[in-house]
Structures are given as C-alpha cells and as structure tokens.
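Worksheet: the structure to be examined is printed underneath.
The values are calculated or read from the model by the stated rules, or taken from the named source; none is laboratory data. Since the structure is predicted, the reported quantities are computational estimates derived from the model, not experimental observations. No Cβ is skipped: glycine too gets one built from the backbone with ideal geometry, and neighbour counts run over all protein chains shown. Ligands, DNA and RNA are excluded from the accessible area calculation, which covers all protein heavy atoms including side chains. Shrake-Rupley method; radii C 1.70, N 1.55, O 1.52, S 1.80 Å.
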2 protein chains.
Amino acid sequence: MKLPPTRLRNLTVALLEKRGVPADSARLQADLLLEAELRGLPSHGLQRLPLLLSRLDNGLANPTTRGNGTWQRDAFLSIDGERGLGPVVVMNAMRVMQSALKETGLAVAAIRNANHIGMLAYYAEAAASDGLIGIVMSTSEALVHPFGGTQAMLGTNPVAVGIPADGDPFVLDLATSVVSMGKINSHAMRGLPIPPGWAVDRDGRPTTDPHAAKAGAIAPFGDAKGYGLGLAIELLVAALAGSDLAPDVHGTLDDIHPANKGDLVILIDPSAGSGSTAALAAYLGRLRLSRPLDPTQPVAIPGDGARARRAATAKTGIELPQPLFEHLTALEAA
Amino acid sequence: MKLPPTRLRNLTVALLEKRGVPADSARLQADLLLEAELRGLPSHGLQRLPLLLSRLDNGLANPTTRGNGTWQRDAFLSIDGERGLGPVVVMNAMRVMQSALKETGLAVAAIRNANHIGMLAYYAEAAASDGLIGIVMSTSEALVHPFGGTQAMLGTNPVAVGIPADGDPFVLDLATSVVSMGKINSHAMRGLPIPPGWAVDRDGRPTTDPHAAKAGAIAPFGDAKGYGLGLAIELLVAALAGSDLAPDVHGTLDDIHPANKGDLVILIDPSAGSGSTAALAAYLGRLRLSRPLDPTQPVAIPGDGARARRAATAKTGIELPQPLFEHLTALEAA
C-alpha cells in the first residue's frame with residue numbers, strides 16, 4: 001500500500017515519544033527511517049521500527065541519552081553511546097566534532113555502545129550539507145564470508161563518503177557485501193532464487209536458495225579487494241572504538257542483546273585544503289556526459305539515483321507492506 | 001634473470017646519486033622500488049626507474065627537496081611536493097605528522113606536485129611499524145572507465161590501509177581498477193589475450209586484445225561499488241590536495257610533464273582509541289583458521305601474501321627482464 005510520508009513520519013514520532021524519546025530525537029530517528037524509504041532502501045526503513053520499539057521496551061535502547069563523549073586528543077572524540085538511538089548519538093557526535101574542526105581541520109569520532117545507525121548516506125549527506133567531507137563506517141553481526149572462505153566472519157561493514165561540490169554533493173554509501181541480507185530476505189519472502197555468487201549455505205556450499213543463504217554467509221563484493229576493504233573497516237572500527245569483532249557482535253538484528261558493534265565518523269573541513277567545489281562539480285559534469293555503455297543509461301554519480309528516487313517517492317507516496325503498516329498502527333492504538 | 005637484491009639496490013642508489021639525489025633519499029627511493037620487486041609487484045618496481053631517471057634528467061623531478069609543508073590547521077598538513085621524489089615527500093610528511101599526533105590523535109597530509117609515490121603498501125606498513133594506523137590514497141592519469149561508461153575518466157586510484165596488530169600488521173593495498181595497466185602491458189608483451197571484463201577499446205567496445213585495451217579503458221573492480229570507491233578517492237584527493245582530476249593528469253607515466261596528481265596520507269594514533277592490538281590479532285587468527293572454500297588454500301589476510309613472497313624472493317633473488325638490467329647497467333657505466 002502507498003502511504004503519504006507525513007502520515008508515516010507522524011506515526012513513527014508518536015511511537016517513539018510514547019516510549020520516552022524526546023521530541024527532537026524522535027523526529028531525527030523518524031527522519032532517518034523515512035529517508036531510507038524515500039530513497040528506495042526499505043531494508044533500512046520502517047521495517048526496522050518494530051525491533052527498535054522492542055529494544056526501547058526491553059531497556060536495550062536508552063530513549064534519552066545522546067551518548068557520552070570524551071576528547072581523548074584534540075581531534076579524537078571517543079564516545080560511549082550509552083545504548084542511545086544510533087542517529088541521535090551520531091548526529092550529536094558530528095555537532096560536537098564541528099566545534100573542533102576550526103582548530104584541527106579534521107576529527108574522528110569512535111563510537112561504541114550505540115544502537116543501529118541505519119543508512120549511512122544520511123550522515124555523509126548531512127556533513128556535505130554543512131560544507132564538510134564526511135566519512136562514516138559501521139560494523140555489524142557476522143554475515144559475510146572472507147574471500148576464499150565459507151563462514152560468516154565479517155559484518156556487512158558499510159562505508160559512506162559525502163563530499164561537497166557546487167550543486168549536488170557526491171554521496172556514496174556501500175556495504176562491502178555483494179548484496180544486503182535485506183535483499184536475500186526479500187527473495188526468500190517472494191519465493192525467488194538468488195543469483196549464483198551471492199551466498200553459501202551453512203555447510204559452505206554455493207547456493208541459490210535464499211533460505212539456505214540466510215543460514216550461511218553472503219559473499220564480499222569485488223572478490224579479494226572487496227573482502228580486503230570490508231576487513232579494513234572491521235579492524236579500523238574495532239581498533240578505535242573498542243567495539244567487538246563480527247563473530248561476537250549482537251544487537252542490531254535482535255531485541256535481546258545490547259548492540260556491541262562500533263561506528264566511526266571522520267569529518268574533514270575542505271576549506272583547510274587547496275581544492276575547489278567548482279572543479280569537483282565540473283569534473284562530475286564531465287563524467288555524467290561521458291560515453292555510456294548503454295546509450296539509454298547515462299553514466300551516474302553516486303547519490304544521483306537516491307535523489308531521483310527520493311523526489312519521485314515524495315510525490316507518489318511510500319510503498320509499505322500492509323502487515324507492517326497494520327502492526328505499526330496497532331502499536332499506535334495500544 | 002635472477003639478481004641479488006643487494007646488487008640491484010646498490011645499482012639503483014648509484015644511478016640516483018649520480019643525478020644529485022642525496023644518499024638517504026636515494027636509499028629510500030631504491031628501497032621502495034626493491035620492496036615492490038620483492039613482493040612480486042614488478043609494475044611498481046625497477047621498470048619504473050628509467051622513467052624516473054629521465055624525469056630527474058629533464059628537471060621534472062627535483063633530486064633534493066623533501067616538499068614544503070604548511071600546517072593549515074593543527075591536524076591538516078598541506079604539502080607542495082616541489083617536484084620531489086614521491087617516497088621522499090611522503091615519508092617526510094609522515095615524519096612531520098607524527099609530531100602532531102600526540103596532541104591531535106590523527107592528522108592528514110594533502111600532497112600535490114610530488115612524483116609517483118609507487119607501491120602504497122610501503123607507507124601503510126611503515127605507519128603500522130610505528131604503531132600507527134595509516135591510510136594512503138593516490139590519483140593518476142585517466143585509465144579507468146566509470147561503471148556504465150566506456151571512456152577513461154578516473155585514475156586507478158589506489159588506497160592502502162595499515163593497521164597494527166600483535167604479530168604481523170594488517171596491510172591492504174588495492175587499486176580501484178579491476179586490474180593494473182602493468183598487467184595489461186604484460187599480457188601485450190607476452191602476446192596473450194586478456195580475460196573478458198577487464199577493458200574496453202578506444203571505441204568503448206569490450207575487448208580481450210591487450211593492445212586495444214591500452215588505447216581504451218580499464219574496468220573498475222566490483223562494478224558500481226568499486227567505481228564509487230575509486231570516484232570517492234578521485235574527489236577526496238582533489239578536494240584536499242588541490243591536484244588535478246584524472247582527465248587532466250600527466251606525469252606519472254611520461255617524462256615530459258610535471259606530475260599534477262595528488263596524494264593523501266591519514267595517520268591515526270590507535271592509542272587514543274579503545275581497541276586492543278591483541279583483540280585484532282586474535283580475530284585475524286580466527287579468520288585464517290576459518291573454513292576455506294578450497295581445503296588446500298587457507299583464508300588469507302591482506303599482507304600475508306606479500307610477506308611470504310618477500311621472504312622467498314629475498315632468498316632466491318629478484319627476477320628482472322634482461323633488457324631492463326642491461327639498460328640500467330649501461331646507464332651505470334655511462
């Protein structure tokens with residue numbers, strides 16, 4: 001069913017406020033989930049809300065904290081998320097970091113003990129809107145096998161990069177797995193096979209059965225290189241945040257464990273550098289106009305697709321599975 | 001022909017010193033080239049030396065400068081490489097950055113106007129040897145086409161990450177192209193076709209002819225994700241270093257233009273963070289022992305292969321094409 005974004009936003013805010021989340025934090029968490037829906041990333045959208053509400057109910061998510069930050073060094077902010085809501089802790093960290101940038105030019109926030117931070121593009125784009133370069137990484141439960149391996153040993157370990165340019169910013173957001181577990185779930189629900197190369201089953205055998213894949217492991221993207229990148233993110237986050245490594249991580253997919261993964265945010269003030277946002281925009285323009293493989297599909301810049309989907313969905317409404325909407329409205333009435 | 005590393009090292013140092021490079025800088029540049037040979041990366045080894053010597057002869061490489069650095073902010077070092085030798089400028093930047101880390105916890109150096117910095121793993125590993133996390137990026141001439149495109153618009157834009165762990169460090173070094181131009185050159189020299197998916201020809205048609213590929217463009221690794229990552233590196237480096245963007249870059253493959261690409265180095269002191277090198281090493285150990293796809297090929301950690309090749313080659317000697325060795329010895333005698 002198609003629903004107006006405003007209806008879903010108000011519903012989400014109400015459900016969060018009912019559990020003690022202050023209005024501004026509830027609006028922020030709702031905005032993150034709605035932005036994922038608007039950009040066509042439902043795996044990071046409202047289907048995550050019931051779990052989050054359970055986590056608030058179970059004391060695994062603290063409705064009021066913004067996290068407790070300590071400047072370990074002038075540009076190094078260490079944050080205990082105190083079980084806070086992911087976007088509340090991250091956006092607060094970014095606000096605090098900005099105060100340091102005038103002196104330092106760049107800063108890092110290493111975050112542990114925060115709940116799921118959702119779609120990373122949200123933060124990268126927020127940084128770019130403030131004229132800053134933002135690099136965001138996050139770890140997760142073990143879902144991905146190493147290149148040449150068959151056991152789930154790494155998180156999906158996404159990274160997002162936002163870079164200001166004249167006009168639209170560059171906003172990259174990619175998981176280092178070849179596909180998200182959300183997409184495998186969606187194939188399973190629709191009874192469709194998954195393409196070869198996406199996953200192995202519990203015994204490490206390549207599989208096209210999405211149910212077998214859910215019990216097994218997803219492949220890294222880009223073979224050895226994507227594996228290397230995902231592993232670098234796994235180690236970087238754990239080294240700086242002191243968070244757990246994938247095989248020991250819980251709490252982003254369940255409502256019984258604290259979230260012990262980690263998150264990193266690096267902000268850089270490009271005005272300290274020697275480049276120009278006009279030069280970047282001119283280059284991106286050249287890329288868009290460069291010769292495409294398929295004449296009907298111009299070369300795309302990361303962020304273009306999400307912006308186009310966002311504009312379209314804001315008009316047509318958000319497509320939500322009816323059972324999910326009914327579940328949320330029942331919670332609203334409860 | 002197999003040659004002892006010491007013979008090649010002395011030869012390289014002598015050729016550089018003859019062109020006015022001070023002894024310590026000559027040893028550093030030689031070490032970078034020899035390390036590439038030892039690790040089985042000849043495209044970044046001594047086959048780059050004749051071009052570098054020409055660049056010194058032609059005034060495109062300054063034998064004596066270490067680059068001119070300015071702290072734009074407390075953690076942001078802007079460097080004019082003054083046409084210096086790549087490794088000399090980068091290693092000097094890393095030395096200068098270390099003085100800031102005690103206060104700031106992390107720092108970035110944005111470098112323009114330095115010559116080719118070669119194998120990035122060298123710097124990432126040097127950082128890890130000092131107990132630091134090192135992230136290094138570099139841009140280049142346009143050699144890579146966008147995902148969905150067919151024209152060379154991006155550099156091969158490598159990134160390296162070094163992370164200290166108990167025992168051996170994690171050292172990742174990857175180009176964001178599916179393959180290096182060096183490997184395509186090597187197929188061309190040996191008269192072998194290249195696999196489908198590596199490259200397109202001058203007219204944008206997929207090709208397995210290495211000669212046609214050399215006139216065309218290389219694919220990014222990992223489809224849209226690898227393209228996005230390569231583009232992020234292209235933009236990050238240009239935004240901070242003020243270097244040129246790939247279609248306008250020259251000077252890493254010729255001896256007629258100044259090198260106008262850029263390089264970035266980020267150093268982070270993990271002692272400011274909350275992680276432990278023991279936990280990282282334990283996790284890497286679990287990964288190595290996890291179930292492999294091929295029972296005869298254990299899961300590898302980035303850096304393992306290079307270390308093994310280095311140890312083997314140090315004993316057996318470096319395999320060098322005879323014409324290259326003869327060319328270098330002729331220059332030595334000249």
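Output the residues belonging to the stretch B:299-334 that are under 25 Å from the mean Cα position of the chain (by Cα), farther than 26 Å from A:ILE233 by Cβ and not in a helix (DSSP H, G or I). Passing the criteria: B:GLY317, B:ILE318, B:GLU319, B:LEU320, B:PRO321. When restricted to residues that are touching a helix residue (DSSP H, G or I) at 6+ places or on another chain (Cβ under 7 Å) and in contact (Cβ under 8 Å) with a residue 60 or more places away in the chain, the stretch B:22-41 contains 11.
Residues considered: B:ILE268, B:ILE318. Of these, the only one that is at the interface with chain A (Cβ under 8 Å from one of its Cβ atoms) and of a type in the set (Val, Ile, Thr) is B:ILE268. Is one or more of the residues making up the stretch A:159-175 touching a strand residue (DSSP E or B) at 6+ places or on another chain (Cβ under 8 Å), without any contact (Cβ under 8 Å) to a residue 60 or more places away in the chain, of a type in the set (Gly, Ala, Ser) and within 12 Å of chain B (Cβ to nearest Cβ)? Checked the stretch A:159-175: at least one residue is touching a strand residue (DSSP E or B) at 6+ places or on another chain (Cβ under 8 Å), without any contact (Cβ under 8 Å) to a residue 60 or more places away in the chain, of a type in the set (Gly, Ala, Ser) and within 12 Å of chain B (Cβ to nearest Cβ). For A:ASN68, indicate whether it is over 22 Å from B:ILE233 (Cβ atoms), touching a strand residue (DSSP E or B) at 6+ places or on another chain (Cβ under 9 Å) and not aromatic (Phe, Trp, Tyr). The answer is yes for A:ASN68. Flag not set for A:ALA93, criterion: in a helix (DSSP H, G or I), free of Cβ contacts under 8 Å to residues at least 24 places away in the same chain and open to solvent by less than 40 Å² (accessible area, probe 1.4 Å).
B:ASP166 - would you say it is under 30 Å from B:ALA279 (Cβ atoms), open to solvent by 10 Å² or more (accessible area, probe 1.4 Å) and touching a helix residue (DSSP H, G or I) at 6+ places or on another chain (Cβ under 6 Å)? Yes; evaluated as a whole, the condition is true for this residue.
Matching residues to (1) more than 11 Å from every other protein chain (Cβ to nearest Cβ); (2) more than 19 Å from B:ILE133 (Cβ to Cβ); (3) surrounded by 15 or more Cβ atoms within 10 Å (Cβ to Cβ):
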position: A:GLY242; (1), (2), (3): no, no, yes
position: A:LEU253; (1), (2), (3): yes, yes, yes
position: A:LEU280; (1), (2), (3): no, yes, yes
position: A:PRO292; (1), (2), (3): no, yes, yes
position: A:ALA311; (1), (2), (3): yes, yes, no
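Please determine whether any residue of the stretch B:40-51 is open to solvent by 20 Å² or more (accessible area, probe 1.4 Å) and either touching a Pro at 6+ places or on another chain (Cβ under 7 Å) or assigned to a loop (DSSP other than H, G, I, E, B) (or both). Yes.
Of the residues B:GLY226, B:GLY216, B:GLY197, the single one that is closer than 21 Å to A:LEU229 by Cβ and more than 10 Å from every other protein chain (Cβ to nearest Cβ) is B:GLY197. Considering (1) open to solvent by less than 60 Å² (accessible area, probe 1.4 Å); (2) assigned to a loop (DSSP other than H, G, I, E, B), the lone condition that A:THR296 does not fulfil carries the number (1). Taken over the stretch A:187-206, the residue count meeting the criterion of being touching a residue at least 12 places away in the same chain (Cβ under 8 Å), of a type outside the set (A, V, I, L, M, F, W, C) and open to solvent by less than 70 Å² (accessible area, probe 1.4 Å) is 5. In a residue-by-residue description of the stretch A:77-85, the property of being of a type in the set (Val, Ile, Thr), more than 14 Å from chain B (Cβ to nearest Cβ) and out of contact with any Leu (no Cβ under 9 Å at 6 or more places or on another chain) applies to no position.
Per this entry, A:PRO321 is not counted among residues that are free of Cβ contacts under 8 Å to residues at least 12 places away in the same chain and over 30 Å from B:LEU106 (Cβ atoms). In this structure, does A:SER243 turn out to be farther than 27 Å from B:ALA239 by Cα and in contact with a strand residue (DSSP E or B) (Cβ under 7 Å, 6 or more places away or on another chain)? Against the criterion (farther than 27 Å from B:ALA239 by Cα and in contact with a strand residue (DSSP E or B) (Cβ under 7 Å, 6 or more places away or on another chain)), A:SER243 qualifies. Kindly indicate whether A:GLY285 is part of a loop (DSSP other than H, G, I, E, B), free of Cβ contacts under 8 Å to residues at least 60 places away in the same chain and over 22 Å from B:GLY105 (Cβ atoms). When the stated conditions are applied, A:GLY285 does not pass them. Among the candidates A:ILE184, A:ILE218, the residue that is touching a helix residue (DSSP H, G or I) at 6+ places or on another chain (Cβ under 9 Å), at pLDDT 95 or above and either open to solvent by 70 Å² or more (accessible area, probe 1.4 Å) or among the β-branched types (Val, Ile, Thr) (or both) is uniquely A:ILE218. Taking the stretch A:56-84 as the range and being closer than 17 Å to A:SER243 by Cβ, buried (at least 21 other Cβ atoms within 10 Å of the Cβ) and not polar (S, T, N, Q) as the test, the residues that pass are A:ALA61, A:GLY67, A:PHE76, A:LEU77, A:ILE79, A:GLY81, A:ARG83, A:GLY84.
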